[in-house]
Amino acid sequence: MAFQLDTDIRFLKGVGERRGILYHKLGIYTIEDLLRHYPRRYIDLSHIYDIKEAPVGTVCTIRARVDFKGGEQRIRKGLSLFKVQASDETGGITLTFFNAKYTVEALKVGSEYLFHGRIGGSFLHKEISVPSVYPLDSTQFSPVYPLTAGLTTKMISANVRQALSLAGSLPEPLPLAVLKACKLPEYDFSVRNIHFPQSEEAAAAARRRLIFEELFFLSLALGSVRGRKEAVNVTPMQPLSMVPFYSSLPFEPTNAQRNAIDDTIKDMCSGKPMNRLIQGDVGSGKTLVAAAAAYFMIKNGGQASMMAPTEILAAQHYNTMQKLLAPLGVRVGLLTGSMTPAAKRNFKKQLLAGEVDLCIGTHALLTGDVEFKNLRLVITDEQHRFGVNQRTALAQKGQNCHVLVMSATPIPRTLALIIYGDLDLSVIDELPPGRQPIATYLIGSSKRARAMNFIKKHLDQGLQAYIVCPLVEQGETDLGLKPAADYAEHLANTDFKGYNIGLLHGKMRPAEKERVMAEFKAGQIQLLVSTTVVEVGVDVPNAVIMLVEDADHFGLSQLHQLRGRVGRGSIPSHCILISDSQNPETTARLKALCDTTDGFKIAEYDLKLRGPGDFFGSRQHGLPEMKIADLASDMDVLQAAQKAATQLLEQNPHLDGTDMELTRKMVAKLLNAVGERPN
Ligand code: ADP
Ligand code: MG
C-alpha cells in the first residue's frame, strides 16, 4: 500500500471525521503531524513495586491480579463509582474508578495488569484512586501526550503505534553530514523512541536529536533569509558632519549612544542595506540614535520613517523629533489612524511629494496608499511588538531600505541570535548620567493605605505618579475594563479627593488617549491610573512613583518595563508592587525584581520561568511555535544547531542537491510559517 507521511490523519483506523476534528484542534492534519506530536512526559512502568512496599502518598506502578470487581455504585447523577480488589504475593489493594464502565468491564478477574497512580489509604489498607491500567506487555515508558477534550493519551498512542507500524522506515530530514558530525541518532530511531522509548537513555537521545532538528531548521530558515538580504547592493550614503546634530542636543550623549550612532552611519555608508537592532534597557536613550540616523539619511537626500506600536508613543516620538530636528531644517510629520480622512489625505500628498522628511506613525503607515517619494530608512521602535511581516512591510515602501529596529526588551544573547539572526546588533549598555536607581518594594494590600499616603506626599511636592492595574485587553467583552475605570473613580472619591486623576486604557479612542497623555506630560494630571498601555516607551521625567496593583499578574520583564516609566529624571524614584499572592514562587519572582534593576538579568530569569512565548506576549516574536525545543533552556543544543546551520549555508547556500530535498522542504515550511519566502 502506498503510504505517505503527508497522508490525512483520517486514514488511520479509528480516526473518523469526529476524531479528525479533535486532531485538527491540536494542529494535527497528517500522519507526519501526528508523529511530531511528542509526548509531554512518560509514565515509568519499569519500576514495579510490591504492594506491600509501595509507599503511601507517592505515585507508583504495581503489578496485580484482579480478584473481585464490585458493581456500579451511583454517587449522584452523572457520577458512578466502581471498586476493584486486586492483589500480588505481598498484599491486597483497592482500586477505585469513576465513570469508567468500559475500563472496568475490560478487566478480567484472574488476570494480571499494571496499575499506575498515587498510593492512598493507609499502610494496612492501600488503595489507588483512578489508576491508569496497562497490559503486562506495555513498553516500560508509556507516553503521556498533550491533549484536547475528547482525545485521550490512550487513543493517541494507539494511533501513533499504528502509524509507526504502517510507515516503515522514516526518511531522514537532516543532512547526513550533519547527523554524523553532531553524532545524532537517525530520525527513524528518534521518532520511535520519543513515543515508545526502549530505555531512558534512548528517550533522552531521541529528545535531544529532535530538539536539535527543530532548532537546526529554524536557524537554517532564518539564515537563508539573511543570505538573501546581504546579496543586494545600494548606493552608499556619503559621510557628512554630524557636528550640527551633536551641538544642538540639550545633553551630552553617552558613549554607548555615540557608538550605536557610529554603527548605523557606517552601515548606511557601506553599500549594503543596513539591518541593525539597537538594544538598550529602558531609559538608555535609544530615541537619540533614531534621531541621528534619520538626520544622517535626510541630509543625504532620502526620506526616513519611524513606526511605533502605539499612538501615544508615536505622538511622543513626533514631539521629540520635532524638538531635536526641526531646528536643523528637518520637516517632521505624524500619521496615525485617528487622523481625519482629510488630514490623512493631505499628509499623504505631502509625503509623496517629498515635503515631509521624517514621517512618524503607527502601523497606519503600513496601509497600501501611504507612499513615499524616496524612502531610504525605516526605523521600528519596540520591535518585539511587531511581527516579522510588519517589520518588512514598511521597508517595502522604499527600495532596499536601510532598516533600524529598536527594542527595550533585553533579550539573552542566544535568543537574540535566533530571533534577530538576520540583524546586526548594537547594545546600549549605559544609562545617561545622573539617573537615580529606582527603589522597588513588594508589599501586601494591608499596606496599601501607607503606599497611597506616600504617593500623596510626592504629588504635593509637584511630582507625578502612575498606578497600573492588570486588565485583560483581549476579547470583545468590556467587562475587563471595569477594574481600571472603577479604580480611578474610587481613588478620586477617597484617597485622592481634590487631586487631578487621569485614566488611560487600551479601549479608549486614540484621540482621547493622546489627550490624557498630553495632560499627564504637561503636569495637569497628577496621578495616572492606567492599564499596561503605558508599558512601552512613554517618557515623563516628572513622574517618580509607579505603583502596580496585583503585580503577580504580570511577567517580570513587563514589570521591568512598567518600572522604567519612572526614574527617567534626576529625582529619586520608587516602584511599589502590591501582591497578596501566597505562592512562594511568585513571591520569589517579585522579590527578584526588587533586588535588581538590570533588565538583562531580569529577562533571563523571566525567560527561564515563563518561556519565550509568554516572555514576548503570545507569539509576538514572529517565530513559529516550537514543538519540542525550549528556547530558554536548550541553549547548548541551540548553539550546536546554529553552528551546523551556518556551516551548511556557507558550503551550500541554496541547499542544492537531491539529498537536500527534505531539508529544503522543512525550511520552506518554516519560512512559510513566519511569512517569508525561501531564497
Ligand atoms: P528609551 O531607550 O527607553 O527609548 P528614551 O530615548 O526615551 O529612552 O530616553 C529616555 C530619557 O532620557 C529621555 O527623556 C531622553 O531625553 C533622555 N536622554 C537620552 N539620552 C540622554 C543623555 N545622553 N543624557 C541625558 N538624558 C538623556
Ligand atoms: Mg523608547
How large is the helix-only mean residue ellipticity at 222 nm for the chain, computed as the sum of -39500 (n - 2.57) over DSSP H runs with n ≥ 4, divided by its residue count, in deg cm²/dmol to the nearest 500? -12000 deg cm²/dmol
Gain in span if fully extended, Ala177 to Asp595, counting 0.36 nm per residue against the direct Cα distance: 145.7 nm
Rounded if a/c is under 1.5, else prolate if a/b beats b/c, else oblate: with a ≥ b ≥ c from the C-alpha gyration tensor eigenvalues square-rooted, which is the range 635-675? oblate
Using a basic spin-label model with each label point 7 Å from the Cα along Cα→Cβ, how many nm lie between Lys457 and Asn346? 5.0 nm
Cα-Cα over 24 Å: which of Lys272/Lys665; Lys25/Lys627; Lys299/Lys348; Lys348/Lys521; Lys183/Lys627; Lys286/Lys507? Lys272/Lys665; Lys348/Lys521; Lys286/Lys507
Relative packing of peptides 519-525, 68-74 - highest average C-beta neighbours within 10 Å first: 519-525, 68-74
Per residue of the range 303-312, what does 6.51 cos²θ - 1.76 cosθ + 1.60 with θ = phi - 60° give for ³J(HN,Hα)? Whole Hz please, x for Gly and Pro, Karplus curve as stated. 9, 10, 9, 10, 10, 10, x, 10, 5, 4
Loop GluC sites (Glu not before Pro), the range 81-176 (other Cβ atoms within 10 Å of the site Cβ: 11 or fewer; DSSP): Glu89
Nearest-ten-degree value, helix 584-595 long axis tilted from longest Cα axis of the chain: 20 degrees
Can you give the Rg and Dmax of the range 142-269 based on its C-alpha atoms, in angstrom? 26.2, 74
Using every alpha carbon pair in the range 44-182, what percent of pairs falls into each 5 Å bin from 0 up to the bin containing the largest distance? 2, 9, 16, 17, 17, 13, 9, 5, 4, 4, 3, 1, 0
Give me the one-decimal Kirkwood hydrodynamic radius in Å for the range 315-410, with the sum taken over alpha-carbon pairs. 13.9 Å
Charges only on Cβ, +1 for Lys and Arg, -1 for Asp and Glu: so what's the dipole of the range 174-299 about the Cα centre, in debye to the nearest 20? 300 debye
Cut-off 11 Å between beta-carbons: net charge of the residues surrounding Ile576, Lys and Arg +1, Asp and Glu -1: +3
Given the C-alpha centroids of the range 301-346 and the range 62-94, what is the distance between them in whole angstrom? 73 Å
Ratio of alpha-carbon Rg to the 2.2 N^0.38 Å globular estimate for the range 70-136, to two decimals, please. 1.10
May I ask you to derive the relative contact order of the chain, considering only C-alpha pairs under 8 Å and at least 6 residues apart, and to give it as an integer percent? 13 percent
Alpha-carbon gyration tensor eigenvalues x 5, square-rooted, for the range 248-320, Å: 19, 16, 13
For the pair Thr152 and Phe68, what calculated FRET efficiency results from E = 1/(1 + (r/R0)^6), where r is the Cβ-Cβ distance and R0 = 30 Å, to the nearest 0.05? 0.70
Acute angle (nearest 10 degrees) that the helix 510-521 long axis makes with the longest principal axis of the chain, alpha-carbon atoms: 70 degrees
If one takes the longest principal axis of the Cα atoms in the chain, at what angle in degrees, from 0 to 90 and to the nearest 10, does the Cα axis of helix 599-615 lie? 50 degrees
Rounded to the angstrom and largest first, Cα extents along the principal axes for the chain equal 93, 70, 44
Among the DSSP beta bridges whose two residues both lie in the chain, what percent are antiparallel, rounded to the nearest 5? 35 percent
Using label points projected 7 Å from each Cα along Cα→Cβ, tell me how many nm separate Asn583 and Val59, to one decimal. 1.9 nm
Where labels lie 7 Å past Cα in the beta-carbon direction, separation of Glu489 and Gln651 in nm: 6.9 nm
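Coordinate-derived values only; no laboratory data. Small disclaimer: the values here were computed from a predicted structure and weren't measured. Virtual Cβ from ideal backbone geometry, glycine too; neighbours counted across all protein chains shown.
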